[in-house]
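The values are calculated or read from the model by the stated rules, or taken from the named source; none is laboratory data. None of the values given here were measured: they were computed from a predicted structure. Reconstructed Cβ throughout: ideal geometry from the backbone, glycine too, with neighbour counts over all protein chains shown.
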Amino acid sequence: MADLCSHRRTILATLICLTLIGSLLVHWPNLLNTFQRPKPLPKPRPKNNMTILIWYWAFGSKQDIEGDVCKDRFGIPNCILSDDRSLFPKADFIIFHNRELITGHQRLPLHLPRPQNQGWVWFSMESPAHNGNLRPFAGKFNYTMSYRHDADFFTPYGWMAPHSVGRGMTVEDFIPKNKSYLACWIVSNYAARHSRTQVYNRLKQVITVEVYGGAVHRRLDRKHTLPTISHCYFYLAFENSQFQDYITEKLWKNAFVGGAVPVVLGPPCENYEAMIPKDSFIHVDDFKSEEELGQFLKQVAGDRERYASYFRWKLNYTVAQTSNWRVEPQCRICTKLTTLQRPKVYWDLQSWEWK
């Protein structure tokens, strides 16, 4: 009888073991997942601030950049703009304006240990004719900031922004009334050797040109500049030198914003057409002589419909300009980081500037 009880206990124990084993087999995958489930990845750290250091101010014109200027003024977060030189060791980019370098008023901080990944930016809004000798800067700069389209940080004087006008508006609504003068020109740097001066001297033999600016001609207060131009049919948007992409505020602000048709002298016509509508300007190079140009301007001014055709662009675009070229382009460096070629060195800045 004892042997029978012992046998039953053995069978019962075996059944219990088998039941437990079976339960483990059924639930083992879930248990395994519990023990081997990967730990959650840590949350990504907030993007560190990018520090842009202005080593000195262009033309000595110090700007107010207190607070988070890039975010507050231009909506660019995580971008610290400063002129505090003590930030040199941790600055991501340093801006050097060319004019002060070539005149000797400022020098590159070559005596300081330069962080390996720090980018030095050569900055100029002048044409090559006014940028001096750049050969001493060979191998010193990583990036360029300029009006040139091929600059690392393209900083145009202006651009056409798409714009929708109100219903029922026509070209006539955009042409200033009370046109009093055929042509006008504002020039601060008047020199006989300039091509624009020579063109003007020949053109004034054909038409009357109202000239303002500098020590040679009538002075014009800044507040009166655009109102004066609005009374002119044409504005002589003559650049001080002729180089690729060098199209300045003479076109964008004086002519377009001022409400006159620009007569341009600068890079080739194709360069202008890449930036503005081809029927929005008149190029000096399209005429055999200043005599022919002058006669053409008189004809257009006398034909209301033809003159109005030069304002058609206003139905689709508006002129946009950098609010402050000493501050805004520097902040916008932070928006270009994903497309920026790194590392990069300009071993021959002079050749790049003159190509």
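Remarks
- Residues located in the range 278-295, provided they are in contact (Cβ under 8 Å) with a residue 12 or more places away in the chain, surrounded by 15 or more Cβ atoms within 10 Å (Cβ to Cβ) and either outside the structural domain of H194 (by TED's automatic domain parsing) or not charged (D, E, K, R) (or both): S280, F281, I282, H283, V284, L293, G294
- Matching residues, the range 169-212, being among the charged types (D, E, K, R) and in contact with a strand residue (DSSP E or B) (Cβ under 6 Å, 6 or more places away or on another chain): K179, R196, E210
- Candidates in the range 73-111 are the residues that are assigned to a strand (DSSP E or B) and among the aliphatic types (A, V, I, L, M); of these, the one that is farthest from A58 (Cα to Cα) is I80.
- Test result for A237, touching a helix residue (DSSP H, G or I) at 6+ places or on another chain (Cβ under 9 Å) and farther than 27 Å from W352 by Cα: no
- Conditions (1) in contact (Cβ under 8 Å) with a residue 60 or more places away in the chain; (2) over 27 Å from the mean Cα position of the chain (by Cα); number of the one not met by Q244: (2)
- Of all the residues in the range 151-181, those that are closer than 30 Å to F123 by Cβ, touching a residue at least 24 places away in the same chain (Cβ under 8 Å) and not aromatic (F, W, Y) number 8.
- Residues in the range 296-311 that are more than 19 Å from L203 (Cβ to Cβ) and surrounded by fewer than 19 Cβ atoms within 10 Å (Cβ to Cβ): D303, R304, E305, R306, A308, S309.
- Total residues in the range 194-229, condition of a type in the set (A, V, I, L, M, F, W, C) and under 16 Å from V263 (Cβ atoms): 7
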